[in-house]
1. Charges at C-beta only: +1 for Lys and Arg, -1 for Asp and Glu. How large is the resulting dipole of the range B:2-221 about its Cα centre, in Debye rounded to 20?
2. Counting only other chains, what is the mean number of Cβ atoms within 10 angstrom of the Cβ of each residue in peptide B:16-26?
3. Based on the alpha-carbon gyration tensor of the range B:2-221 and its eigenvalue square roots a ≥ b ≥ c, which shape applies: rounded if a/c is under 1.5, prolate if not and a/b is larger than b/c, or oblate?
4. Can you pull the mean other chain C-beta count within 10 Å for peptide A:20-33?
5. State, to one decimal in nm, how far the label point of A:ALA135 lies from the label point of A:ARG176, with both points 7 Å from Cα in the Cβ direction.
6. With springs only between Cα atoms under 10 Å, which of B:LYS54, B:LYS32, B:LYS84 fluctuates most in a Gaussian network model of chain B?
7. How high is the relative contact order of the range B:2-221, in percent, with contacts defined as C-alpha pairs under 8 Å that are six or more residues apart?
8. Given points 7 Å out from each Cα along the Cα-Cβ axis, report the B:LYS12 to A:PHE116 separation in nanometres with one decimal.
Amino acid sequence: MSRPVKPQRENGSLGAMVCYSAVVHLAIWFFLLQVSLSTHFKEAPVYYVDLLNLPVASPQAGRPDVAPGATSSSPAPPPPTPPQPRGMTLPAKAPARPTAATPARQTDPAETAREFEERIARLEQEAAARHQEAALAALRKRADGKGPAGIPGAAGTEAGSDYASYVRSRLEDAFRREDAFRTDPGKVVIVRLTIDRTGRIVNQRYEQRSNDRLFDDAVARAIARAEREFRRPPGGGQFEHGFVFRPQGVGKK
Amino acid sequence: MSLFLGTGLVVKLVLLILLYFSVVSWAIIFYKFRQVHRANRESERFMDFFWKTKRFDAINAQLDRFANSPLTVLFNEGYGELTKLAAKREEKEEPGVFSTELGGIDNIARALRRATTSEITRLEKYLTFLATTGSTAPFIGLFGTVWGIMTAFKGIGETGSASLAVVAPGIAEALIATAIGLVAAIPAVMGYNHFQNKLRVLIAEMDSFSTEFLNIVHRTFAGK
């Protein structure tokens, strides 16, 4: 019998596998980083539309044919209601409805389930057709330009609102992120902003300060943040307006 | 990246520990996968060769070809014990013969058992780390999350504001610890179960081979 031979194994060391694993982890990390960067979507712009005056032919357009300060652009007041008689009168009795008309509406007890379903389906179809017709009519009306055009007081370039309201809303959005300084409701900062025709703030004058440095700084940060999203003022000129910052929100002066 | 950088010191430490667990777990998974795969493949080849070859010394000469199979270790130990017993008998002027009365078969059986145990130990090495990772990583992650949420609430209390914009980032940063804990634990548990199953098969093969080896020895050498 020959002497036993010890077989020589060639297993890779665990250290090499740790290095390999670390490289794989790094690769996955960079992959996830790339994916997260590529899926970072841009925030969609916010449009403000005056719901009271809808529908309009083109909410984005406003009314370029009317001057911003013109009063004639306001909608016509509703017609006055006729004066009601002062004397107390007994309510008139409603005429008795003919009973023959109601049975048509009532469900026939002998009606089968299938007939009932067919009737419901027919009613739904009629309702859908009515909605479709109304939508098409509205679209045709808008395409013909016969619909109410623009918003009273609009500047002609903004979405259903005047430029000061637009700026205020942007400031409000920016200021809402400064939650940390909303503890004392008595603080007020009034700032007059001058915006040039490119939409940049060329001057900001503090008409009143809150005597709280943190709150003042929050206002300044909100203005700086909001400025990035400002659009050009209407008419291609400069715009100046005062805004009131309170912990509850932003208002126009 | 911003989620990691935005966390506090404790949460960062937790994340680094979990990263260490994950890296080492995957290293063990790769290592064990290679080891078990080779052991299975070479065991099959060794068994084919074992049954085709009639002579133990011829098998012994070819053991290096199947070095990663645990069965070669068993054969090596059994054959070694057999040669020792044969040499002892030769010294007693009865060459090539040994008797079961002298405990020859028992000696070989003990050698095979010892080899089986050492091979099981070798194959099970590092698997405990996978089990530890699978059972503790989620708790470590949970600890990081709890700590992060505590810190976030503390910050909310200091600023005095509880809006979603203030609360959400802190909680998101805290929750990443639980996520990483699960990412580390899930592959570890899956790997542990997979390799345990593979090892059970290998252990059964080793037991079967030991029995076969003893039978052959008993048939061939005992009682001559």
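1. 300 debye
2. Values: counts 0, 0, 0, 3, 2, 0, 4, 10, 5, 1, 8.
Mean shielding by partner chains, rounded to a whole number: 3.
3. On the way: a/c = 5.35, a/b = 4.06, b/c = 1.32.
Prolate is the answer for the range B:2-221, as a/c is 1.5 or above and a/b outweighs b/c.
4. Average per residue, whole number: 3.
5. Placing both labels 7 Å beyond Cα along the Cβ direction yields 2.9 nm.
6. B:LYS54
7. Averaging sequence separation for qualifying contacts and normalising by length gives 32 percent for the range B:2-221.
8. The two pseudo-label positions are separated by 7.0 nm.
Computed from the coordinates by the stated procedures, all read-outs in this text should not be read as laboratory data. This one's a predicted model, so the numbers in the text were calculated from it and none came from an experiment. Every residue, glycine as well, gets a Cβ built from its backbone with ideal geometry; the counts of neighbours run over all protein chains shown.
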